[in-house]
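The values are calculated or read from the model by the stated rules, or taken from the named source; none is laboratory data. From a predicted model like this one, the values you see are computed outputs, not experimental measurements. Cβ sites come from the backbone with ideal geometry, for glycine too, and all protein chains shown count toward neighbours.
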Amino acid sequence: MAIKIFIDQGHNPSGSFNSGAEANGLYESEINYQVGIYLQNLLNSDPRFDARVSRPEPDTALGTNNTTSLAARVALANNWPADYFISIHCNSNPNPAINGTEVYIYQYNTQAQWLAEQIMTGITQTVGTRNNGIRENPSLYVLRNANMPANLIELGYLTNPTDANKFREDLYGFAYGIYLGLLRYFGFV
């Protein structure tokens, strides 16, 4: 039986509410969307996985405000029901020197943490972002309300020139890094 992975491309499309960060000519919602589609394609071309996304089309918007948008994403995963939940995001910071990848989890010493460690390694090895660590944050709605191990990945910083360049040049690499992390987590490689 295939492992069911729900991929949440964080935020709604540019121009709608909750569209995420924007810097250096890049839009978080567009990056999240594309990385999610690449990841879905990688997973669905592997018979061991079955993947769904929260935003199947670039203009898919969920909910009518931040709360209903987050609730809709989690409901899609819980109702399926998915085995794992992966939410894709990009970060920003007023200080352009801040860079790197972070993965947020609900609680340490859980399957979510062990998955996050593999995904972090996959991303940093594939695209060369800095490993900023696995961070516990039980206040994040999607982590708190998903009925399965959940990771919220901040791929990198739109506000950092080096990370921004990686987004321009290698979105597929970010997706492949997450896929590699999943393969390692399940002991497939």
Checklist entry - Counting only residues that are assigned to a helix (DSSP H, G or I) and free of Cβ contacts under 8 Å to residues at least 40 places away in the same chain, which one in the stretch 1-32 is surrounded by the most Cβ atoms within 10 Å (Cβ to Cβ)? => result S29
Item to check | Near pairs, Cβ below 6 angstrom, 6+ apart or cross-chain, from the stretch 141-159 (over 17 Å from I31 (Cα atoms)) to any residue that is surrounded by 23 or more Cβ atoms within 10 Å (Cβ to Cβ) and among the hydroxyl-bearing types (S, T, Y) | outcome: V142/S87; M148/Y84; P149/Y84
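The rows are residues; the columns are (1) within 22 Å of I178 (Cβ to Cβ); (2) touching a Ser or Thr at 6+ places or on another chain (Cβ under 7 Å); (3) among the basic types (K, R); (4) modelled with pLDDT of 95 or more.
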residue	(1), (2), (3), (4)
A21	yes, yes, no, yes
I31	yes, no, no, yes
I37	yes, no, no, yes
S45	yes, no, no, yes
R52	yes, no, yes, yes
E57	yes, no, no, yes
L76	yes, yes, no, yes
N91	yes, no, no, yes
Y106	yes, no, no, yes
Checklist entry - Regarding V74, is this residue assigned to a helix (DSSP H, G or I), touching a Leu at 6+ places or on another chain (Cβ under 9 Å) and of a type in the set (A, V, I, L, M, F, W, C)? => result no
Next on the checklist: Conditions first: (1) under 22 Å from I105 (Cα atoms); (2) out of contact with any Phe, Trp or Tyr (no Cβ under 8 Å at 6 or more places or on another chain); (3) in contact (Cβ under 8 Å) with a residue 60 or more places away in the chain. T129 passes all but one, so which condition is the exception?
Outcome noted: (3)
Checklist entry - Can you tell me which residues in the stretch 138-167 are over 18 Å from I7 (Cα atoms) and over 15 Å from the mean Cα position of the chain (by Cα)? => result P138, S139, T159, N160, P161, T162, D163, A164, N165, K166
Checklist entry - Any idea how many residues of the stretch 33-71 are assigned to a helix (DSSP H, G or I) and either over 21 Å from F174 (Cα atoms) or under 15 Å from the mean Cα position of the chain (by Cα) (or both)? => result 17
Checklist entry - Name the residues in the stretch 77-92 that are buried (at least 21 other Cβ atoms within 10 Å of the Cβ) and part of a helix (DSSP H, G or I), would you? => result A77
Checklist entry - Out of the stretch 93-117, which residues are within 15 Å of the chain's Cα centre (by Cα) and surrounded by fewer than 22 Cβ atoms within 10 Å (Cβ to Cβ)? => result G100, Y106, Q113, E117
